[in-house]
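Peer 1: Once you've had a glance at the structure underneath, I'll fire off some questions.
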Amino acid sequence: MSAPIVYRSEGFELPGVQRNLIRWTIYLGFAALAVGVVNGLDQALSYAGINIFRFYPEMRTYYQGLTVHGVFNAIVLTFAFGNGFISLTTARALGRALSTPIQVAAFAAIAVGTVLAAFAMFTGEATVLYTFYPPLEASWTFYLGLALIVISTWLVSADLFLSLARWRREHPGERIPLLAYMSVVTYLMWDLASLGIAAEVVLLLLPWSLGLLPGSDPMLSRTLFWLTGHPIVYFWLLPVYVSWYGMIPRQVGGKLFSDSVTRIAFLAFLLLIPVGFHHQFLDPGISPTLKYFIAVLTFAIFFPSLMTAFAVMYALEIGGRSHGGKGLIGWFFRIPWRDPSVSAQVLAMLAFMLGGISGLMNASYSMNMMIHNTTFVSGHFHLTVATAVTLSYMGIAYWLVPYLEQKELWGRTLARWQSWIYFVGVLIFSTGLTIGGFAGMPRRTPIALISYPKLPEWQLAGLLAAVGGSLMFIGAVLFFVILAVTILAGQHEAVADIPLSETVERPTLAGWAVRLDRLGLWLGVSLVLVLIVYGSFIAHHLPPHLISQPFKAF
Amino acid sequence: MERYEKTFLVLSAAVLVAFLVALAYATIAMHIELPGKAGVIPIKPGQNVAAAVLATAPFNHPGVTKIGPDQYQVAIVAQAWTYYPREIEVPAGARVTFVVTSVDVTHGFEIPGTRVNMMLIPGYISKLSYRFRKPGNYRIICHEYCGILHHTMTAVLRVK
Ligand code: HEM
Ligand SMILES: [Cu+2]
Ligand SMILES: [Cu+2]
């Protein structure tokens, strides 16, 4: 017995225009990644003392390239992929088309926003890194570009919520299809979380860069930034969880274990938005009591990820055993590793387990004092966002691009190698950065240019970072070759549908589980939690201390 | 199935609680303190941050002050792309309290191999104490991006 996670199991087709909009949105994201990894290579080599970025035509400084790397990879790639992929999963789950005008507007917003921000960065007017802490001041085009990119995600949300609302009106008393639930909660979480950065950019930085405010407030800006800056990682991650819950079980021949547990995991992310203060453990001006309290909440966010680990492992195990895998771990070797979409995503999961461990270390403030702002941190987030998330996007692309193009994937064997090369690369890279971090090697720093002597431990660390980073770069290049050949020269192939998991049982229509679908209620609870954690700090702080004058020496 | 679901949830929660206990242990048994509220720089309306810092004690006289038996205060002003003073000397084993602030952008302050690690935010005072037991030269590094010469921002601490 099993139950679908979508409303209609068969016979759904997305209108052609919408399919194209989704296609272009996702390609915009991958184009950004292609530029981003070129800068990644020079950064990795710099840690080994090799300075190649002086040969990069578009960059005057290391920091200019690092800004592009952060903004294109961590913001443009992830937002574009989320917008495209989650629009598709929602439409598919509800069995109904989206709103074309809203989709057009969302695409226009993210495309124009990216061009504006790119213009500012490439002309050297915005070398402020992707955290853009004032009083480092970028040109207004940068802030406007970022604002438009965020607005595109809100437009997509509006489309998702409207579609869901219509569907519910047409189907009173029915449970929200699981795939739609995961998709919509992802954006609901993000809408609330993004208010911090939106307020920072629109109320403080944009008017300041236009000369309309007497100064900037470094502390308030930083706090608003991290209000969004931690939950933003769930926004990167949750589309990947949609795939790990919603597609991977089918792809490996297993089943999704539980409908309710899946819903609870997604809800947990919505409720745990206000934990961003742990990025500010070492900031002045915030009381230690608040910091200790936040440390507790920060640990709580491992809860939904642990649940995910159990659920995904269950699906993989059923899949592996159905392919003849035996024994305690024998099944692991029998999952369909030959499918590049599966190998990329299972390797991504392994990276995420390692990333989770280093994340726990980060969140423990005692440890944080050793490694804050060292390369340990870059080691951590290249396992998580740059691999668990990005390698999963690549794995998803291995079925998504053929589906959107109606073409066969070119180079399946190469694609399998691609994921392994990237994975082995990141293991070496992150090992190096972790060793360096323990020895205090600073992040955001061109070690190839520093004016002080390297500590002895930084030598090996930098070497590993350079070797691993180069492998990651090769892995990324292979991905783009596969993608380009598939798009430009792939054989036509009719791909009828996307892979869809099934749950073991139908969701119940009575009992406590039904309450999980009351999204308005949960959103309200989350809002209250955000107000409790941030409210007192912000209320004490206001009005803004506009003390700092623009600083543009970059 | 219901039972399996519950086992899942309980198992996840148990792992989490174990970690929290470990953290609480680290805090209480190891006496680890986070930097917290150490004061702000009073800035008059229209006044520039740098001027306000230089008018505020102890930043009007940056450097080492003995504040008690075996206790030293080190006042440091950070400015793109240096620290004042750039060379500091303290005795080994003494309790050293760093009191640091920035006159312009956000800077970092870390000493590799120690727990000395904090952010410097314009308008705020950052404070942290540490005992350097081993004599030698320690490097102070700015580990937050602060403009084009960020990678040259450093100072030296000599422990005698
Ligand atoms: C070829 C693959 C990649 C390589 C070799 C690479 C290398 C690096 C290195 C060495 C740094 C540290 C720079 C520094 O702190 O001075 C860095 C920073 C960073 N990387 Fe990557 N990276 C790669 C891919 C990615 C991907 C796919 C993402 C995200 C989707 C990503 C996100 C980031 C972010 C957010 C930063 C921090 C930027 C900052 O500190 O402002 N990277 N990368
Ligand atoms: Cu600095
Ligand atoms: Cu700096």
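Peer 1: Between residues in the range A:217-228 that are acidic (Asp, Glu) and residues that are surrounded by fewer than 24 Cβ atoms within 10 Å (Cβ to Cβ) and in a helix (DSSP H, G or I), which pairs lie under 9 Å by C-beta distance while being six or more apart or on different chains?
Peer 2: A:217/A:204; A:217/A:541
Peer 1: OK, next. Looking at A:500, A:523, A:546, which one is under 28 Å from the mean Cα position of the chain (by Cα) and outside any helix (DSSP H, G or I)? Reasoning before the result, please.
Peer 2: Details: A:523 fails: outside any helix (DSSP H, G or I); A:546 fails: under 28 Å from the mean Cα position of the chain (by Cα).
Exactly one of A:500, A:523, A:546 is under 28 Å from the mean Cα position of the chain (by Cα) and outside any helix (DSSP H, G or I), namely A:500.
Peer 1: Would you point out which residue out of A:49, A:84 is more than 29 Å from residue A:433 (Cβ to Cβ) and either in contact with a Lys or Arg (Cβ under 9 Å, 6 or more places away or on another chain) or in a loop (DSSP other than H, G, I, E, B) (or both)?
Peer 2: Answer to the check: A:84.
Peer 1: Further question: Under the condition of being surrounded by fewer than 16 Cβ atoms within 10 Å (Cβ to Cβ) and part of a loop (DSSP other than H, G, I, E, B), which residue from the range B:59-85 is farthest from ligand 2 (Cβ to nearest atom)?
Peer 2: Looking at residues that are surrounded by fewer than 16 Cβ atoms within 10 Å (Cβ to Cβ) and part of a loop (DSSP other than H, G, I, E, B), I get B:69.
Peer 1: Right, something else. Can you confirm whether the range A:335-355 contains a residue that is within 14 Å of another protein chain (Cβ to nearest Cβ) and either at pLDDT 90 or above or assigned to a helix (DSSP H, G or I) (or both)?
Peer 2: yes
Peer 1: Restricting attention to the range B:127-137, does a residue exist that is within 14 Å of ligand 3 (Cβ to nearest atom), at pLDDT 95 or above and either open to solvent by 30 Å² or more (accessible area, probe 1.4 Å) or touching a Gly at 6+ places or on another chain (Cβ under 6 Å) (or both)?
Peer 2: From the range B:127-137, those within 14 Å of ligand 3 (Cβ to nearest atom) are none; that's our starting set.
No: zero hits.
Here is a yes/no grid of residues against (1) at pLDDT 95 or above; (2) farther than 25 Å from residue A:133 by Cβ; (3) over 19 Å from the mean Cα position of the chain (by Cα):
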position	(1), (2), (3)
A:23	yes, yes, no
A:27	yes, yes, no
A:52	no, yes, yes
A:57	no, yes, yes
A:70	yes, no, no
A:73	yes, no, no
A:92	yes, yes, yes
A:97	no, yes, yes
A:103	yes, yes, yes
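Peer 1: Is one or more of the residues making up the range A:122-144 small (Gly, Ala, Ser) and assigned to a helix (DSSP H, G or I)?
Peer 2: Scanning the range A:122-144 turns up no residue that is small (Gly, Ala, Ser) and assigned to a helix (DSSP H, G or I).
Peer 1: How about the range A:405-443: which of its residues are closer than 13 Å to residue A:395 by Cα and under 23 Å from the mean Cα position of the chain (by Cα)?
Peer 2: Once the filter is applied, which keeps residues that are closer than 13 Å to residue A:395 by Cα and under 23 Å from the mean Cα position of the chain (by Cα), the range A:405-443 yields A:415, A:416, A:418, A:419, A:420, A:422, A:423.
Peer 1: In the range B:118-143, which residues are within 16 Å of ligand 1 (Cβ to nearest atom) and more than 22 Å from residue B:48 (Cα to Cα)?
Peer 2: Listed by number, the residues that qualify are B:141, B:142, B:143.
Peer 1: Take the residues of the range A:385-405 that are open to solvent by less than 20 Å² (accessible area, probe 1.4 Å) and not aliphatic (A, V, I, L, M): which is farthest from the other protein chains (Cβ to nearest Cβ)?
Peer 2: Per the stated criteria, the residue is A:402.
Peer 1: Of the residues in the range A:502-554, how many are hydroxyl-bearing (Ser, Thr, Tyr), farther than 30 Å from residue B:103 by Cα and either touching a Gly at 6+ places or on another chain (Cβ under 9 Å) or away from every other protein chain (no Cβ under 14 Å) (or both)?
Peer 2: Looking only at that region, the number is 1.
Peer 1: Residues to consider are A:157, A:163; find the one that is open to solvent by less than 10 Å² (accessible area, probe 1.4 Å), free of Cβ contacts under 8 Å to residues at least 40 places away in the same chain, closer than 22 Å to residue A:85 by Cα and in contact with a Leu (Cβ under 9 Å, 6 or more places away or on another chain).
Peer 2: The conditions single out A:157.
Peer 1: Would you confirm, using the coordinates I've provided, whether residue B:96 is within 16 Å of ligand 2 (Cβ to nearest atom), out of contact with any helix residue (DSSP H, G or I) (no Cβ under 7 Å at 6 or more places or on another chain) and of a type in the set (A, V, I, L, M, F, W, C)? Show your work before the answer.
Peer 2: Numbers: within 16 Å of ligand 2 (Cβ to nearest atom): no; out of contact with any helix residue (DSSP H, G or I) (no Cβ under 7 Å at 6 or more places or on another chain): yes; of a type in the set (A, V, I, L, M, F, W, C): yes.
Spelling it out, it is not the case that residue B:96 is within 16 Å of ligand 2 (Cβ to nearest atom), out of contact with any helix residue (DSSP H, G or I) (no Cβ under 7 Å at 6 or more places or on another chain) and of a type in the set (A, V, I, L, M, F, W, C).
Peer 1: Another one. Quick one: which of B:155, B:80, B:75 is over 11 Å from the mean Cα position of the chain (by Cα) and more than 16 Å from ligand 3 (Cβ to nearest atom)?
Peer 2: Result of the check over B:155, B:80, B:75: B:75.
Peer 1: Just one of (1) open to solvent by 20 Å² or more (accessible area, probe 1.4 Å); (2) closer than 30 Å to residue A:399 by Cβ; (3) free of Cβ contacts under 8 Å to residues at least 24 places away in the same chain trips up residue A:325, so point out which.
Peer 2: Result: residue A:325 fails condition (1) only.
Peer 1: Now for a different question. Go through (1) over 20 Å from residue A:242 (Cβ atoms); (2) open to solvent by 10 Å² or more (accessible area, probe 1.4 Å); (3) hydrophobic (A, V, I, L, M, F, W, C) and name the single condition residue A:71 misses.
Peer 2: (2)
Peer 1: Quick one: residue B:43 ticks every box in (1) open to solvent by 40 Å² or more (accessible area, probe 1.4 Å); (2) in a loop (DSSP other than H, G, I, E, B); (3) at pLDDT 90 or above; (4) more than 10 Å from chain A (Cβ to nearest Cβ) bar one, so which box is it?
Peer 2: (4)
Peer 1: Follow-up. Which one is farthest from residue B:42 (Cα to Cα) among residues in the range B:144-160 that are more than 16 Å from ligand 2 (Cβ to nearest atom) and open to solvent by 10 Å² or more (accessible area, probe 1.4 Å)?
Peer 2: Looking at residues that are more than 16 Å from ligand 2 (Cβ to nearest atom) and open to solvent by 10 Å² or more (accessible area, probe 1.4 Å), I get B:160.
Peer 1: Which of the residues that make up the range A:245-266 are open to solvent by 10 Å² or more (accessible area, probe 1.4 Å) and assigned to a helix (DSSP H, G or I)?
Peer 2: Within the range A:245-266, the first condition is being open to solvent by 10 Å² or more (accessible area, probe 1.4 Å), and the residues that meet it are A:250-251, A:253-255, A:259-260, A:264.
Scanning the range A:245-266 gives A:250, A:251, A:259, A:260, A:264.
Peer 1: Name the residues in the range B:125-152 that are facing chain A (nearest Cβ under 8 Å) and in contact with a Pro (Cβ under 8 Å, 6 or more places away or on another chain), would you?
Peer 2: B:125, B:126, B:127, B:139, B:141, B:142, B:143, B:151
Peer 1: Among A:453, A:499, which is surrounded by fewer than 16 Cβ atoms within 10 Å (Cβ to Cβ) and either within 14 Å of chain B (Cβ to nearest Cβ) or in contact with a helix residue (DSSP H, G or I) (Cβ under 6 Å, 6 or more places away or on another chain) (or both)? Outline the logic, then answer.
Peer 2: Numbers: A:499 fails: surrounded by fewer than 16 Cβ atoms within 10 Å (Cβ to Cβ).
Among A:453, A:499, only A:453 is surrounded by fewer than 16 Cβ atoms within 10 Å (Cβ to Cβ) and either within 14 Å of chain B (Cβ to nearest Cβ) or in contact with a helix residue (DSSP H, G or I) (Cβ under 6 Å, 6 or more places away or on another chain) (or both).
One line per residue, one yes/no per condition, for (1) within 14 Å of ligand 1 (Cβ to nearest atom); (2) open to solvent by 10 Å² or more (accessible area, probe 1.4 Å):
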position: A:439; (1), (2): no, yes
position: A:444; (1), (2): yes, yes
position: A:448; (1), (2): yes, yes
position: A:465; (1), (2): yes, no
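Peer 1: Test residue A:423 against the criterion of being within 15 Å of ligand 1 (Cβ to nearest atom), surrounded by 23 or more Cβ atoms within 10 Å (Cβ to Cβ) and under 30 Å from residue A:63 (Cα atoms), and give yes or no.
Peer 2: Values: within 15 Å of ligand 1 (Cβ to nearest atom): yes; surrounded by 23 or more Cβ atoms within 10 Å (Cβ to Cβ): no; under 30 Å from residue A:63 (Cα atoms): yes.
No.
Peer 1: Restricting attention to the range A:433-443, does a residue exist that is of a type in the set (Ser, Thr, Tyr) and within 14 Å of another protein chain (Cβ to nearest Cβ)? So that I can check it myself, show each step before the final result.
Peer 2: First, the residues of the range A:433-443 that are of a type in the set (Ser, Thr, Tyr): A:434.
Of the ones still in play, those that are also within 14 Å of another protein chain (Cβ to nearest Cβ) are none.
Scanning the range A:433-443, I find no residue that is of a type in the set (Ser, Thr, Tyr) and within 14 Å of another protein chain (Cβ to nearest Cβ), so the answer is no.
The values are calculated or read from the model by the stated rules, or taken from the named source; none is laboratory data. Bear in mind that the values here come from a model prediction, so they are computed numbers and not experimental data. Please note: Cβ atoms are built from the backbone with ideal geometry, for glycine as well, and neighbour counts cover all protein chains shown. Only protein heavy atoms, including side chains, enter the accessible area calculation; ligands, DNA and RNA are left aside. Shrake-Rupley method; radii C 1.70, N 1.55, O 1.52, S 1.80 Å.
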